[in-house]
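Structure first, commentary second.
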Amino acid sequence: MQTHILEETAKQLVAPGKGILAADESSASCQKRFDSVGVECTEETRREYREVLLTTPGSEHALSGVIFFDETYWQTTASGKPFREFLKERGVLLGIKVDQGLVDLPGFPGEKLSQGLDSLPERITKYHTAGAKFAKWRSVIQIGPDIPTEECIGANTFVLSRYARICQDHEIVPIVEPEVLFDGTHTSDCAEEVMGHVFDMLFRTMRAFRVHLPGAVLKTSMVLPGKNSGLPIVTEEVATRTVRVLHEHVPSELGGVVFLSGGQMSGDAFNNLNAIAKMGPHPWGVTFSYSRALQDPVLKQWAGNRGDKELAKHVFSRQLDRAIAATSGNMKREGSHDTFVTSGQDL
Ligand code: 13P
């Protein structure tokens, strides 16, 4: 294992003043999002939309990396340049989502397991040869009556650890994402307790499977009350709980911590990140790896006027400015900007 290469890549991913664009929505997720803005979802419209994001002027200064879904990984700009090369020329690291989605965990109603391990070594070799520097694997943990079970957490942390070690053997930094879902009626207390426990099991298992922690990155939810709990999202509380659970349960030698937006309103996702950054210093670099919070207004703008892509690029550029300001804790507090909030399991 080339530990110095892994550590260097992890450092670059969470470098100050930069963050990650998650553009790795599966075709099924894109279908839902495109449906919501009335655009036909085809291979070409998905390509056209992703090109708007990637070719936004200045985005290379804000983005340390971009995560693709397999289809996008092999696509090109309208002028025929592979997106992979386009990013490489701009110094943006290339990432690939490698889990193959969620399946029910038999015997455990309401719980899921992510799949795709069996074919992973072959797929990782192919992506690495084509320039990938990091990968992402998402598992989900649902909170509800009597769940999550130890068995579900154990099965998912086992898969995440095996995935991480396979990546590292191919010089690819694994982003491990045990997403504790925002869906539900639980309290923040409950979310914090579940997250702490998931992190304990995850890092114990990653160590057991000989994952090099400084060459791996955690992608996590923030500690939020369940979306249907009727409880408000209070920025200071989210930041205090999130920082506490991370500081108490995430090893300081880990390569970095990045956040997903998880269906929060875009303004909340930025305000919360800003407050978390303000509570630093943290033992690891901390930044965003958002999909919906960065993209939703861009998708709306693009769908509303596909003839003028500059307008959509302008919106994306503004979103990146907000996100970057939030990573330093210097963002001006915003009101909640509405987005179409989708279920956490959809991705
Ligand atoms: P959201 O920011 O929309 O939660 O997506 C991030 C992601 O990559 C989830 O896997």
| said: I'm trying to understand the selection: among the residues of region 40-95, which are more than 22 Å from TYR127 (Cβ to Cβ), part of a loop (DSSP other than H, G, I, E, B) and either of a type in the set (Asp, Glu) or open to solvent by less than 40 Å² (accessible area, probe 1.4 Å) (or both)? | reply: GLU40, CYS41, THR55, THR56, GLY58
| task | Report those strands (runs of 3 or more DSSP E) wholly inside region 97-153 carrying at least 3 residues which are surrounded by 22 or more Cβ atoms within 10 Å (Cβ to Cβ) and within 15 Å of the ligand (Cβ to nearest atom). | result | 134-141
| request: Answer yes if at least one residue in region 287-309 is under 23 Å from LEU63 (Cα atoms), away from the ligand (no atom under 13 Å from the Cβ) and without any contact (Cβ under 8 Å) to a residue 24 or more places away in the chain, and no otherwise. | output: yes
| task | Restricting attention to region 171-205, report how many residues are more than 18 Å from the chain's Cα centre (by Cα), buried (at least 20 other Cβ atoms within 10 Å of the Cβ) and more than 27 Å from GLN264 (Cβ to Cβ). | result | 1
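From the residues in region 13-28 that are crowded, with 18+ Cβ neighbours inside 10 Å and not hydrophobic (A, V, I, L, M, F, W, C), which one is nearest to ALA303 (Cα to Cα)?
It comes out as GLU25.
The values are calculated or read from the model by the stated rules, or taken from the named source; none is laboratory data. These numbers were taken from a predicted model, which means no experiment stands behind them. Counting neighbours? That spans all protein chains shown, and the Cβs are built from the backbone with ideal geometry, glycine included. When the accessible area is computed, the model is the full protein with side chains, heavy atoms only, and any ligands, DNA or RNA have been set aside. Shrake-Rupley method; radii C 1.70, N 1.55, O 1.52, S 1.80 Å.
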